[in-house]
1. Cβ under 15 Å from LYS249's Cβ, LYS249 left aside: what net charge do those residues give with Lys, Arg +1 and Asp, Glu -1?
2. What's the extension gain from VAL342 to TYR157 if we count 0.36 nm per residue and subtract their Cα-Cα distance?
3. In the range 151-166, which residues have a backbone nitrogen under 13 Å from the label point lying 7 Å from GLU182's Cα in the Cα-to-Cβ direction?
4. Counting just the Cα atoms, what span does the range 233-305 cover along each of its three principal axes? Round to the nearest Å and put the largest first.
5. Using every alpha carbon pair in the range 202-274, what percent of pairs falls into each 10 Å bin from 0 up to the bin containing the largest distance?
6. What does the range 126-231 give for Rg and for Dmax, in Å, if only its C-alpha atoms count?
7. Considering the range 172-234, what Rg and Dmax in Å follow from its alpha-carbon atoms?
8. Run the quick spin-label model on GLU136 and TYR318: label points 7 Å from Cα toward the beta carbon, then report their separation in nm to one decimal.
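The values are calculated or read from the model by the stated rules, or taken from the named source; none is laboratory data. Being a predicted model, the structure only gives us computed values, none of them experimental. Note that each Cβ is placed from the backbone with ideal geometry, even for glycine, and that neighbours are counted across all protein chains shown. SASA here: full protein model, heavy atoms, side chains in, ligands and nucleic acids out. Shrake-Rupley method; radii C 1.70, N 1.55, O 1.52, S 1.80 Å.
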Amino acid sequence: MDSKLRRAAILSSMAIILLVSLLVFFSNAPERETGGNRNGTPTQTPPSPYQDGQLQESEEEMAEGQIGDDLSAFLRDDTFFDPEVNPVLEAAKDSGTRVSLMVTSVEKDLRIQIVDIQGKPVAGEGFYVELEGKGEYKDLDKDGVIYIGDLSAGEYYVKLLPIEGYRVPSNETRVRVKDKVEYVAIDDISLLIKTEEEIIAEAEDTAVADALEDADKTEIQKFQKPTANSKVGIDVSKWNGEIDWDKVKNAGVEFSIIRAGYRGSVTGSLVVDPRFAENMRGAATSGIPVGVYFFTQAVNEVEAVEEASAVLELIREYNLEYPVFIDTEGAGGNGRADGLDVDTRTRVCEAFCRTITNAGYTAGVYASRNWYNNNLHTENLEQYCIWLAEYRSVPVYQGYYQMWQYTSKGSIDGIEGNVDMNVSYLR
């Protein structure tokens, strides 16, 4: 092929390639303002928001919300952070300040709790409630709880009065005041259980072991050996510090009675022992059977039911093989329950034990020999497990008992310092 023919062939090939390229370009190009879509319907291309590299915007268009992928559009909305206009922010504010009432009755009384949306008492405010036919009552100590006693049995209406900064229910709450104690656990008692961080523990946790005054020189301080009819164990609380439960188990301890908590001797607060959960888990892991006790400062049956309810709440996730005891002893002479008469103190112990028993557990009473003889009608309590504290080689107590705390000055591997020692005759 000569040069002329070769040149003509090359030019023809280039022309064909150019023609195909132009056809592909126009077939994929976006419709123009004067064109149409593929169905022949006229279309209009929206104006570009950019002109000469600058974003052009219309205040009328931007006020309606976000345009495209402009995530900062809300910053140009003057009403976005206005809770009266923005329903989302209004709902968040509403939830944060909304309060409601939880009301319970044990016997001719009402305990009214003001709680937030999480069900926790709202402290720090002097809330008022209005009780139908009785007037207004204020939360004087601002702990979120109002107690009203000496009410006649029947139905009442309770209303939380408006208070600045909170949204209160618009409707009244209907409640039934019980005529008699039913000795059943209070469902919402967990709201009243406090930790020692919430109280002044030095003033509240003031139990005094009356058995110390009755001890004599025959007190046994060594760890006893079990027999065919008895087992040996300990009882512990926060005062025993951190416990190595494996060492305790290996030392021969066959059971432990662990303090669940106490009622404050000044304010009457229900307080969990700060080492309760730790001790319960430690004993369980080491295979040591447990029971629990609660130091009472209840002044009536209603408060005794509260104390029993608190214990039942605390032991819910644990397995007990030994009883739940009410620990009744003095609080240094100035405790809120130190001045109770024998009848009232006995009713307190009965109410506690009946509530525990009705919940399916074995109940018991702990006291010293002098306390049983002088401060309780022990004959009314012998259907429950009697745990006697008497620091002698042989108890001189004449009543019937199933457990005996024989010293508070024992020692055991795994616990620093003194520890209470016990013998159990339970089968």
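1. -2
2. 62.9 nm is the gain from fully extending VAL342 to TYR157.
3. So the set is 154.
4. Ordered largest first, the range 233-305 gives principal extents of 42, 20, 15 Å.
5. 14, 36, 34, 15, 1
6. So, for the range 126-231, Rg and Dmax equal 23.5, 68 Å respectively.
7. Cα only, the range 172-234: 21.8, 64 Å (Rg, Dmax).
8. 4.5
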